[in-house]
Amino acid sequence: MAEITKTPEWQSLEKHYKKIKDLHMKDLFENDTDRFESNHILFDDFLFDYSKNRITKETKELLISLARTADIENWRRRLFSGEKINFTENRSALHIALRNRSNNPIMVDGKDVMPLVNDELSKIRKLSDEIRNGSWKGYSGKKITSIVNIGIGGSDLGPSMVCSALKPFGSKEITPHFVSNVDAADLSQVLDVCDPETTLFIIASKTFTTQETMTNAFSARDWFIDKAKKNEFIKNHFVAISSNSEAVIEFGIHPENIFVLWDWVGGRYSLWSSIGLSIAIFIGMKNFEALLEGGHEADNHFIAEPIEKNIPIMMALIGVWYINFFDFSTYAILPYDQCLTKLPAYLQQADMESNGKFIGRNNQKVCQKTGPILWGEAGTNGQHAFYQLLHQGTEIVPSDFIMPINSNYKLGNDKHNHHNILQSNFIAQTQSLMMGKSKHDVESEMKNEIDDNPDLKRLISHRTFEGNRPSNSILFKSLTPKALGKLIALYEHKIFTQGIIWNINSFDQWGVEYGKQIAKLVLPELESKKDTKAFDSSTNNLIKYINNNS
Ligand code: F6P
């Protein structure tokens, strides 16, 4: 494909941007009272309202042409057919196979992978059922009441986000814990509240070589053996999820306790695989399957819907419009549901590890910006922290406001209904970010105060809001396993679509390797406690300072 910035479609968008960049959304809504009608998409119980964006009918048409030029329709087919589109690692990217509920064959290297996927699902079902019904016993005959997932990145963020999102569906008798950081504080705090007789450790690492995970796994094993005394008891308390069975066996985990995943499952796309074991144990297999079902329905939506009715593609195009034309570099994820607190961090890895790349598929430096800096926080907490900048800062931050219409928690009465209050904040924020408040409106609002004290006139500009700050609203009926599956998969496909437009490989992560290599060189310098000249003067002196003070 020609460099995307050189295509006539991109150049038309550049011209169009100059024409409409100062248009105010308030005027767009005033001039078209049905603006919502032509700028939203319904998908099952999901509503995606993208009308509060700085786009016109022409912008949409031009963006859709851009998607066609990038050949997104063909690329989505290539993704689904198991082609090795992760070309820098010579792998397919087949997370869609993990949630393929139709069971149609999906081929990799001429072999249908669905039997492998289904076998693994059966193993997950067996173990999760046994733990939940108490037939799996710890070494002293007691039921398992704590599960500790030890993993990092994709082997942690997905399961941990889903378990907290779906807590209302979780077992009351089993507590899930997630340990990721190599900082001893993380594992120590979890071990402090666990009993070795009733704890199951899940060592989740695709490679089984990740420094943080292996360090935590060894310490967990030492802690367990210290209490249980016999190595043979490891069988009742340690399972592993990995594609490196040899390393798992060497670690001492029984071969029957190994769950596998394959090279075509990327870490940040792996919660649908056996990496989701902790999810299945906590919410039960039926709910885990509903999560998969939701993901599968979003896949069907992505593959089948035309661009203008396709939520992930429209999300992606609007994102491209802001990053590449308006030069808005960051993007906020604002879930109005406490259970989705971990969603921003989860999507940070999904998006930034996928599209934080400056080299294109043509092995050359790309000519435009790629992935946005993603961040966010649950509403309404964010409102009392960083929304000041969203409303009046010099940086404009396009945002996704996400909310289930019905809460899983009922609290309050007619006067103090938590969920109504939460919802009114959601609506108020998207509306006020878009509308702003003019000087004239502020002046009328302050009229009486100013009449009493004319000096207060100087406050008018401080209380003015420019507005024109874009957001998408994503609403769905309630936060069920199925709805969550849909939501996650919609974002995965948004990320994929943007990667295609930018012509980058969204499925490798060479960028995280360099720091890991250097850490291996630094470690012996810290262990030796001696001064070093191995690095630059800053690094050498940081090492010296640590050594002198430890
Ligand atoms: O450091 C990046 C990364 O490779 C992620 O992509 C992955 O999710 C994480 O590390 C964990 O890797 P593993 O599952 O092999 O321990």
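The heavy atoms of residue 35 present about 10 square angstrom of accessible area, all protein chains included, probe 1.4 Å. Taking a cut-off of 28 Å between Cα atoms, list the lysines near residue 142, but don't count ones fewer than 8 places away on the same chain. Of all the lysines, those that pass the test against residue 142 - Cα under 28 Å, at least 8 places apart if same chain - are 123, 126, 167, 172, 227, 229, 230, 235, 286. Between the C-alpha center of segment 77-94 and that of segment 287-351 there is a gap of 20 Å.
Considering only 324, 138, 542, and ranking their Cα positions along the charge dipole of the chain that arises from unit charges at the beta-carbon of Lys, Arg, Asp and Glu, the one farthest toward the positive end is 138.
The listed residues 409, 269 rank as 409, 269 when sorted by accessible area, largest first, using a 1.4 Å probe. Under a point spin-label approximation (7 Å from Cα along Cα-to-Cβ), what is the residue 381-residue 437 distance to one decimal in nm? The answer from the label model is 2.7 nm.
Computed about the Cα centre, the dipole magnitude for segment 409-550 is approximately 500 debye when only Lys and Arg (+1) and Asp and Glu (-1) carry charge, each at its Cβ.
Applying 0.36 nm per residue to the separation of residue 15 and residue 88 and subtracting their alpha-carbon distance, the gain on full extension is 22.8 nm.
Compared with the direct C-alpha span, the chain from residue 235 to residue 453 gains 70.7 nm at full extension, assuming 0.36 nm per residue.
Each Lys or Arg adds one and each Asp or Glu takes one away; over the other residues whose Cβ falls under 13 Å from the Cβ of residue 256, this sums to +2.
Computed FRET efficiency, Cβ-Cβ of residue 109 and residue 445, R0 56 Å: what is it to the nearest 0.05?
Using R0 = 56 Å, I get an efficiency of 0.25.
Antiparallel as a % of all DSSP beta bridges within segment 97-289, to the nearest 5? So the antiparallel bridges amount to about 15 percent of the total. With both residues required to sit in the chain, DSSP beta bridges show an antiparallel share near 30%. Once you reduce segment 429-483 and segment 200-238 to the center of their Cα atoms, the two points are 53 Å from each other. Across the options 422, 444, 403, the greatest Cα extent toward the positive end of the charge dipole of segment 370-477 (unit charges at beta carbon of Lys, Arg, Asp, Glu) belongs to 403. For segment 1-136, the alpha carbon positions stretch 65, 39, 22 Å along the principal axes, listed from largest to smallest.
Rolling a 1.4 Å probe across all protein chains gives residue 461 an accessible area of roughly 70 Å².
Only Lys, Arg, Asp and Glu carry charge here, each on its Cβ (+1 for the first two, -1 for the last two); on that basis the chain has a dipole of about 460 debye about its Cα centre. Take the chain with all the other protein chains still there, run a 1.4 Å probe, and you get 45 Å² of accessible area per residue.
Taken about its Cα centre, segment 97-289 carries a charge dipole of about 640 debye when Lys and Arg each add +1 at the Cβ and Asp and Glu each add -1 at the Cβ. One decimal place: the segment residue 411-residue 58 gains 122.5 nm when fully extended, by the rule 0.36 nm per residue minus the C-alpha distance.
The values are calculated or read from the model by the stated rules, or taken from the named source; none is laboratory data. The structure displayed is predicted, hence computed values, not measured ones. Counting neighbours? That spans all protein chains shown, and the Cβs are built from the backbone with ideal geometry, glycine included. Note: accessible area is taken over every heavy atom of the protein model, side chains too, but ligands, DNA and RNA are not part of it. Shrake-Rupley method; radii C 1.70, N 1.55, O 1.52, S 1.80 Å.
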